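Shown next, in C-alpha cells, is the structure this report addresses.
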Amino acid sequence: MKLSLASGVIAVLLLIAAIVSYSALFTVNQTKQALLVRLGQPVRVITEPGLNVKVPFIDNVIYVDKRILDLESPAQEVIASDQKRLVVDAFARYRITDPLKFYQTVGESGASSQLAILLNSALRSVLGGATLVDVVRNMREQLMSQVRGQLDHEAQQFGIQVVDVRIRRADLPKENSDAIYQRMKKERERQAAEYRAQGDEIAQRIRARAERDRGRDHEMQAFHWQDFHRSDSLRAVLFVALGGHRLGAREDDSRVAACACQGRRLDRTRPRVCS
C-alpha cells in the first residue's frame, strides 16, 4: 500500500517537473528575436536563435520578426511645388532593430499604422518641394532617397530601420488626366487637318504643273509638224527649180509635193516626170 502510494507521488512529481521544465524552456527561431518580460517588465532581449530558459509561470516571451517587412501605404494626393496635384502610391520596407524600444513605443499592433503616418508625412514634405516633372521623371530616384532618409530618421525612435522606400505610381488625378487627354486629342486633330490641307495644296500644285507641261508638249509637237511640212514644201520648190535633181532620201515625197504645186501628178513609171 505504501509502495503504491509512493509510486503515485513520484509520478505526480515527475509530471509536475515535466510541466515546469517545459514551461521553463523556449526556443528562438532564426527569423525571430525574443523579448523576455517578467510581470510586465522587460528583462532581456534575445536576438540569437537557440534554446533558452525562463522562469516558469512568471516570465513571458514576446517574439518579434527579424526579417524585412513591407508597409503598404494607400494612394494619397500631394501638391507639388508648381501647384500641380499628384496621386502618389508608395510603399516601404523596414526591419525591427531594437525589440525593447519597439515594444515600449508602438508594439506589434501599432507599428504599421504609425509608420504609415510617418510615410505619408515624409511624402508630402519631400514631394511638396519638387515640381511635377521632377517627381515623374527627372529626380525620382533622388526624391525617393530623401523620403527614405527622412522616414528612417523618424522611425529610429520606435526601434525601426527603414530599408527602402519606393514610389510605385505618381500620376495626375483622373479629372486632370481626362482634361489633358482631350486637349492632346484636339491638338493632334488640328495638326492632322493642317497636314491634310498642306498635302492638298501640294497635290494641286503638282497637278497644275503637270497640266502645263502637257500643254507645252502639245505645242512643241505642233511646232515640229509645222517645221516638217515647211521643209517638205521647200524641198519641192528646190526640186522643180533644179530640174529634177536628186535631193536626198525624201526625193519622191518632194517630187510629189512639187507636182502637186504645179497641179499635176507624178508618173511612177517614169522617174522625175510629172504627167
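The values are calculated or read from the model by the stated rules, or taken from the named source; none is laboratory data. Keep in mind it's a predicted model, so treat the numbers as computed, not measured. Here Cβ is always computed from backbone atoms with ideal geometry, including for glycine, and neighbour counts include all displayed protein chains.
Structure data summary
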quantity: Search result, residues across segment 60-100 that are among the charged types (D, E, K, R), in a strand (DSSP E or B) and within 22 Å of Arg140 (Cβ to Cβ); calculated: Asp70, Glu72, Glu77, Arg85, Asp89, Arg93
quantity: Single residue of Arg148, Arg169 found to be outside any helix (DSSP H, G or I) and touching a residue at least 24 places away in the same chain (Cβ under 8 Å); calculated: Arg169
quantity: Of all residues making up segment 44-54, the number that are surrounded by 15 or more Cβ atoms within 10 Å (Cβ to Cβ), more than 53 Å from the chain's Cα centre (by Cα) and assigned to a strand (DSSP E or B); calculated: 1
quantity: Matching option when the condition is outside the structural domain of Val45 (by TED's automatic domain parsing), closer than 30 Å to Thr47 by Cα, of a type in the set (D, E, K, R) and surrounded by 14 or more Cβ atoms within 10 Å (Cβ to Cβ), among Arg140, Arg148, Arg124; calculated: Arg148
quantity: Unmet criterion (only one of (1) assigned by TED's automatic domain parsing to the domain that holds Asp164; (2) part of a loop (DSSP other than H, G, I, E, B); (3) aromatic (Phe, Trp, Tyr)) for Tyr103; calculated: (2)
quantity: Subset of segment 61-95 [over 30 Å from Gly129 (Cα atoms) and either of a type in the set (Val, Ile, Thr) or touching a residue at least 60 places away in the same chain (Cβ under 8 Å) (or both)]; calculated: Val61, Ile62, Val64
quantity: Glu108 being in the same structural domain as Gln146 (by TED's automatic domain parsing), surrounded by fewer than 16 Cβ atoms within 10 Å (Cβ to Cβ) and either polar (S, T, N, Q) or over 17 Å from Asp152 (Cα atoms) (or both); calculated: yes
quantity: Check on Phe57, part of a loop (DSSP other than H, G, I, E, B) and either among the charged types (D, E, K, R) or surrounded by fewer than 16 Cβ atoms within 10 Å (Cβ to Cβ) (or both); calculated: yes
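Residue-wise test of (1) under 26 Å from Asp98 (Cα atoms); (2) touching a Gly at 6+ places or on another chain (Cβ under 9 Å); (3) in the same structural domain as Gly107 (by TED's automatic domain parsing).
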residue: Ala17; (1), (2), (3): no, no, no
residue: Val20; (1), (2), (3): no, no, no
residue: Leu25; (1), (2), (3): yes, no, no
residue: Val28; (1), (2), (3): yes, yes, no
residue: Ala34; (1), (2), (3): yes, no, no
residue: Pro49; (1), (2), (3): yes, no, no
residue: Pro56; (1), (2), (3): yes, no, no
residue: Val61; (1), (2), (3): yes, no, no
